[in-house]
1. Looking only at residues in region 83-113 that are of a type in the set (S, T, N, Q) and open to solvent by less than 50 Å² (accessible area, probe 1.4 Å), which one is farthest from GLU157 (Cα to Cα)?
2. Let me spell it out: the conditions are (1) open to solvent by 40 Å² or more (accessible area, probe 1.4 Å); (2) more than 19 Å from the chain's Cα centre (by Cα); (3) not small (Gly, Ala, Ser), and ASP58 meets all of them except one. Which number is the exception?
3. Can you tell me how many residues in region 61-70 are buried (at least 17 other Cβ atoms within 10 Å of the Cβ) and under 13 Å from the mean Cα position of the chain (by Cα)?
4. Filter the helices (runs of 4 or more DSSP H) completely within region 1-96 down to those with at least 1 residues that are under 27 Å from CYS193 (Cβ atoms) and modelled with pLDDT of 95 or more.
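The values are calculated or read from the model by the stated rules, or taken from the named source; none is laboratory data. If you're wondering where the values come from, they're calculated on a predicted model, not measured in any experiment. Heads up, the Cβs are rebuilt from the backbone with ideal geometry, glycines too, and the neighbour counts pull from every protein chain shown. Surface accessibility is based on the protein's heavy atoms, side chains included, excluding ligands, DNA and RNA. Shrake-Rupley method; radii C 1.70, N 1.55, O 1.52, S 1.80 Å.
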Amino acid sequence: MLRLHGYLASINVRKILWLCEELGLKVELAERGTPAFPVSDPEFVRKSPFGLVPLLEDGNFLLSESNTALRYLVRKQGRSDLLPDEAKAAAMVERWIDWQATDFNDSWRYAFISQVRKLPGYDDPGLILRSQIAFNGKMKILNDQLASTSAYVAGSEFTLADVPIGVSVRRWIAMNFEKPDFPDVLRYYELLCHRKAFLWFGGPESPV
């Protein structure tokens, strides 16, 4: 059985749990990254060179970085429908995975930490507004892409790209700030909500 070190409120943990459910893989969630089980624990530091969650444990194989873990699991299961073997087709999927980890995540980070995590030091109104505007800007890029496919992020079929993007869309919908009308994003979210596995980790009742 796979073991995933992390906590359910983490968006990066949830996307791995969602993928495992899609793949029919059993995975145990080992609490880490909480006050009771901090990432600074020496035992965890020895396992994770980056000192962050999630950390995927597959027997003796330890793997940090959530999007790398997504790729690993899909390739191990031979799911070329989710991540194609052909280089160009794979690149069209992977570009959205990488975009989510960089530009997309960077856009919402300050506003999310301020409004949802409510951590001290994240209370600058100007930086909050800037983050919200940036988040909407990235969603405009996504809305345009979804309008062009009329279905999923990378095309007409569900792929690995939809896993990191899907949980980020859940976060945008759940956060309370002024947002433009992005009908294709909302259509896409409804489409994902028809997947039972997604509901547990990105549906309306899931953590933000």
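1. As a first pass, look at region 83-113 and keep what is of a type in the set (S, T, N, Q): 100, 102, 105, 107.
Next, from what is left, pick out any that are open to solvent by less than 50 Å² (accessible area, probe 1.4 Å): 100, 105, 107.
On the way: GLN100: 19, ASN105: 24, SER107: 27 Å.
Selected residue: SER107.
2. (1)
3. Total satisfying the criteria: 5.
4. Hits in region 1-96: 11-23, 66-76.
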